[in-house]
1. Does Lys93 satisfy being of a type in the set (D, E, K, R) and assigned to a loop (DSSP other than H, G, I, E, B)?
2. Could you list, in sequence order, the residues of the stretch 112-136 that are out of contact with any Asp or Glu (no Cβ under 7 Å at 6 or more places or on another chain), of a type in the set (A, V, I, L, M, F, W, C) and open to solvent by less than 40 Å² (accessible area, probe 1.4 Å)?
3. Looking at (1) open to solvent by less than 30 Å² (accessible area, probe 1.4 Å); (2) of a type in the set (A, V, I, L, M, F, W, C); (3) part of a loop (DSSP other than H, G, I, E, B), which is the one condition that is false for Leu139?
4. If only one of Thr43, Thr3, Thr12 is modelled with pLDDT of 90 or more and out of contact with any strand residue (DSSP E or B) (no Cβ under 9 Å at 6 or more places or on another chain), which one is it?
5. Give Pro109, Pro151 a once-over and let me know the one that is crowded, with 18+ Cβ neighbours inside 10 Å and either touching a residue at least 24 places away in the same chain (Cβ under 8 Å) or over 16 Å from Gly47 (Cβ atoms) (or both).
6. Looking at the structure I just gave you, is Val59 under 18 Å from Val137 (Cβ atoms) and either of a type in the set (D, E, K, R) or assigned to a strand (DSSP E or B) (or both)?
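The values are calculated or read from the model by the stated rules, or taken from the named source; none is laboratory data. Bear in mind that the values here come from a model prediction, so they are computed numbers and not experimental data. Every residue, glycine as well, gets a Cβ built from its backbone with ideal geometry; the counts of neighbours run over all protein chains shown. Keep in mind that these areas ignore ligands, DNA and RNA; they rest on the heavy atoms of the full protein, side chains included. Shrake-Rupley method; radii C 1.70, N 1.55, O 1.52, S 1.80 Å.
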Amino acid sequence: MGTRLAPVPAGTRPVADRAREGLFSSLGASVEGARVLDLFAGTGAMGIEALSRGAARAVFVDSSPGAAKVIRENLRRTKLASRGTVRRVDVRKALRQQLGQFDLILVDPPYRLPPAELDAVMAELAGQGVVAGGGRVVLTREKGSYTPVIPLHWPEVKRLSYGDSVVLVFQTP
């Protein structure tokens with residue numbers, strides 16, 4: 001990306017640079033022109049990476065006021081603000097607000113998020129028509145931690161491991 005992003009807000013665990021770069025290298029040209037939804041967006045680095053690699057637009061969702069402020073600043077710094085929308089709202093509430101359909105959904109929940117809440121987020125994603133046909137859902141988890149219930153019709157197409165993180169990529173039908 002090359003642009004220095006704003007400081008990470010308190011309580012946010014951003015995806016490591018190496019993991020983010022590895023993920024997007026593995027996604028390749030599928031990011032170009034994509035509609036991206038960045039859930040639990042934190043600093044917005046994942047969605048901004050997608051925009052910098054040619055995604056058409058991105059919606060960033062995080063309930064933290066500090067995170068929303070940092071995302072807006074990072075979009076300004078990277079000159080990508082015209083292609084990004086920041087929503088300061090709970091992820092599940094946002095999914096019920098009919099944000100549209102997305103080709104790439106990035107889900108990077110806090111590692112401490114209760115398993116039942118993470119299962120509920122994944123169920124909302126599967127049931128709300130948010131994922132476009134043939135879209136990809138990327139889930140970041142701590143190695144050895146709880147992996148939520150994934151819809152049976154979403155096969156895992158990639159599993160990438162970086163430090164203490166595992167990045168899972170699912171393809172939707």
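1. Numbers: of a type in the set (D, E, K, R): yes; assigned to a loop (DSSP other than H, G, I, E, B): no.
No, not satisfied.
2. Leu113, Leu118, Ala120, Val121, Met122, Leu125, Val130, Val131
3. (3)
4. Numbers: Thr3 fails: modelled with pLDDT of 90 or more; Thr12 fails: modelled with pLDDT of 90 or more.
On inspection, the qualifying residue turns out to be Thr43.
5. Numbers: Pro151 fails: crowded, with 18+ Cβ neighbours inside 10 Å.
Only one candidate qualifies: Pro109.
6. Working: under 18 Å from Val137 (Cβ atoms): yes; either of a type in the set (D, E, K, R) or assigned to a strand (DSSP E or B) (or both): yes.
It is true that Val59 is under 18 Å from Val137 (Cβ atoms) and either of a type in the set (D, E, K, R) or assigned to a strand (DSSP E or B) (or both).
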